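Below is one structure, written out as structure tokens, with a few remarks after it.
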Amino acid sequence: MKTLILLFTAAIFIALGNQNQVMAQEITGKEIIEKTYYRPTGDDQEATLEMTLIDSRGNTRERNIKQFTKDFGDVEKSIMFFTAPADVANTSFMNWSYEDGSSDDQWIYLPSLRRVRRISSDDKSDRFMGSDFTYDDLGDRHPDDDEHELLREETIDGKECYVVESTPKDPDYMYSRTVTWIEKDTYIGVQKEFYDEYGDFLKTLTVKEYENIDGFDIITHTEMYDEQRDHRTVMEMKNVKVNTGISDNMFTERMMSRGL
């Protein structure tokens with residue numbers, strides 16, 4: 001009888017283990033990406049950014065930026081004002097990302113030209129202000145733009161993550177695929193690998209730090225490393241303020257040319 005009870009108990013644990021495994025596998029790659037995309041970060045944010053460009057010899061260049069972001073419901077708008085050094089001061093950049101998945105609208109103001117220029121779709125693969133981020137990287141890629149596959153679950157730097165491969169539906173997109181490590185607890189993409197149009201490994205985006213500010217998990221320190229150029233860009237966000245009531249008028253071409 002004891003043997004039967006032990007066998008019965010073991011069978012229950014095996015069944016529960018299989019059930020848990022099935023439950024863990026129920027979430028799809030797209031659902032994970034959607035949870036990451038829609039992760040709450042407040043109605044608006046403002047912060048100062050320190051951008052550091054580091055070449056293969058270790059030489060550095062600094063950029064100081066003031067950034068504002070606001071969620072309008074159907075569109076999220078962000079604007080950056082470069083404040084230093086002198087050669088980039090008064091340059092500004094604006095991005096509008098749409099809830100319906102429409103392509104982002106982007107503009108840049110160059111003080112030397114004294115005009116706002118719209119970034120065309122052909123220009124979105126260009127590097128932004130000499131950094132390792134393209135213009136497209138600065139926008140929000142909508143989940144419906146790619147096919148997503150959950151590859152595996154993996155622990156990275158002590159964080160339990162989903163590993164999701166995203167392949168663009170547009171065959172002419174600048175990246176052939178990306179692979180993202182998404183932390184299970186926060187749905188923050190803590191690491192992302194980019195592969196170029198030929199399928200070769202190009203660069204890695206790593207989230208070094210994030211902080212809980214007023215109840216929201218805010219990414220405050222990232223690094224983009226371009227393997228092919230042996231060049232990196234470090235972005236540190238400081239003095240972060242959430243839900244301050246930023247004016248709608250902040251996100252206009254007029255504001256870009258006027259500056260802070």
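Residues are listed down the side, and each one gets a yes or a no for (1) under 30 Å from residue 86 (Cα atoms); (2) in a loop (DSSP other than H, G, I, E, B); (3) in contact with a His (Cβ under 6 Å, 6 or more places away or on another chain):
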position: 117; (1), (2), (3): yes, no, no
position: 150; (1), (2), (3): no, no, no
position: 153; (1), (2), (3): no, no, no
position: 165; (1), (2), (3): no, no, no
position: 172; (1), (2), (3): no, yes, no
position: 186; (1), (2), (3): no, yes, no
position: 191; (1), (2), (3): no, no, no
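Quick check on the range 165-187: of everything there that is touching a helix residue (DSSP H, G or I) at 6+ places or on another chain (Cβ under 7 Å) and either closer than 20 Å to residue 41 by Cβ or free of Cβ contacts under 8 Å to residues at least 60 places away in the same chain (or both), which residue is surrounded by the fewest Cβ atoms within 10 Å (Cβ to Cβ)?
Within the range 165-187, the match that is surrounded by the fewest Cβ atoms within 10 Å (Cβ to Cβ) is 169.
Taking the stated definitions as given, is residue 141 over 23 Å from residue 62 (Cα atoms), basic (Lys, Arg) and surrounded by fewer than 17 Cβ atoms within 10 Å (Cβ to Cβ)?
no
Just for the range 92-138: of the residues that are touching a Phe, Trp or Tyr at 6+ places or on another chain (Cβ under 8 Å) and aromatic (Phe, Trp, Tyr), which one is surrounded by the fewest Cβ atoms within 10 Å (Cβ to Cβ)?
Here the answer is 107.
Hey, could you check the range 210-233 for residues that are within 14 Å of the chain's Cα centre (by Cα), over 17 Å from residue 40 (Cα atoms) and of a type outside the set (Ser, Thr, Tyr) and say which is surrounded by the most Cβ atoms within 10 Å (Cβ to Cβ)?
Within the range 210-233, the match that is surrounded by the most Cβ atoms within 10 Å (Cβ to Cβ) is 224.
All of the numbers you see were taken from the coordinates with simple rules; none came from a lab. It should be emphasised that the depicted structure is a prediction, and the values quoted were computed from it without experimental measurement. As a convention, Cβ positions derive from the backbone with ideal geometry for all residues, glycine included, and neighbour counts pool all protein chains shown.
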